[in-house]
Amino acid sequence: MEELKRFIRDIPDFPKKGILFRDITPLLKDPNAFRMVVSAICDRYRDKGVDLVAGIEARGFIFASAIAHSLGCGMVPVRKPGKLPYKTVKEEYELEYGTDAVEIHEDAISPGDKVLVVDDLIATGGTAAATVRLVERLGGKVVGIAFVVELKSLGGRKLLEGYDVTSLIQYD
Ligand code: AMP
């Protein structure tokens, strides 16, 4: 998996000054690299009885869809506020300055559903932790939380303690 780092492009100061953006588009473009990451996550969770894969807007959708297709289960979009057309539930989370939020359709998950949460990258962990709260508010059981990239120095895993967390490519 370390070798996959050559498919992650570093963009300094994007989307704002001081952020080193880890661009996954070269990985998506390479058929073997894309297949490898999707397969690695699927292999990890194939025997966990996953009912639904919850993908976080927007790059999380790309991986979540491929994983759901391969696992033979459904995909649920977790979106930024105001994007979903039907009735939603919302969870806020802290940013460096202020708050942000994620939403899910209130009927997206049924009590007892086993849910795999997927995003492209974990930084502070706030987005994923808010997504876990959404899933659990609807009665879902989070069987795993999977990321392609983990920025370890930001310590995001601390917000996800007690859950089965997987990341494939780590940066210190
Ligand atoms: P966080 O809630 O801090 O874990 O942020 C995770 C979300 O922000 C993910 O959906 C990522 O796509 C995005 N993100 C945060 N930091 C970066 C970064 N350095 N490079 C690429 N995406 C990032």
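Since every read-out is calculated from the coordinates, none of them should be taken as a lab result. Not measured: the values here are computed from a predicted model. Here the Cβ positions follow ideal geometry from the backbone for every residue, glycine too, while neighbour counts run over all protein chains shown.
Classified by the C-alpha gyration tensor, the range 69-158 has an oblate form. Its axis ratio a/c, with a ≥ b ≥ c, is 1.5 or above, and a/b does not exceed b/c. Counting only DSSP beta bridges with both residues in the range 39-109, the antiparallel share comes to about 60 percent. Take the convex hull of the alpha carbons in the chain; its mean projected area over all directions comes to 9.7 nm².
How big is the antiparallel share of DSSP beta bridges in the range 22-156, given as a percent to the nearest 5? In the range 22-156, DSSP labels about 30 percent of beta bridges as antiparallel. Loop-located chymotrypsin sites (Phe, Trp or Tyr not before Pro) in the range 78-143 (DSSP state not H, G, I, E or B) with no more than 10 neighbouring Cβ atoms inside 10 Å: Tyr86, Tyr97. For the chain, a Gaussian network of Cα nodes joined below 10 Å ranks Ala33, Ala129, Ala64 by mean-square fluctuation, and the top entry is Ala33. At full extension, Lys152 and Asp100 could sit 16.6 nm farther apart than now, given 0.36 nm per residue minus the alpha carbon distance. Of all segments of the chain bounded by GluC sites (Glu not before Pro) found in a DSSP loop with no more than 12 other C-beta atoms within 10 Å, the longest spans 1-95.
If you average the alpha carbon positions of the range 49-69 and of the range 98-172, how far apart do those two centres end up, in angstrom? First find each Cα centre; the distance between them is then 12 Å. Dimensions of the range 40-102 from C-alpha coordinates, computed as largest minus smallest value along each principal axis and given longest first, are 39, 28, 18 Å. One decimal place: the segment Asp107-Asp13 gains 30.0 nm when fully extended, by the rule 0.36 nm per residue minus the C-alpha distance. Averaging the sequence gap over all C-alpha pairs within less than 8 Å and six or more residues apart, then dividing by the number of residues, gives the range 27-117 a relative contact order of 28 percent. Distance between the modelled labels on Lys90 and Arg137, one decimal in nanometres: 0.9 nm (7 Å Cα→Cβ projection). Among the trypsin sites (Lys or Arg not before Pro) in the range 76-172, those placed in a DSSP loop whose Cβ has at most 10 other Cβ atoms within 10 Å are Lys87. If the elastic network links every pair of Cα atoms under 10 Å, which of Phe21, Phe63, Phe34 fluctuates the most in the Gaussian network model of the chain? The residue with the greatest mean-square fluctuation here is Phe21.
When Met1, Met36 are sorted by how many other C-beta atoms sit within 10 angstrom of their C-beta, beginning with the fewest, the order is Met1, Met36.
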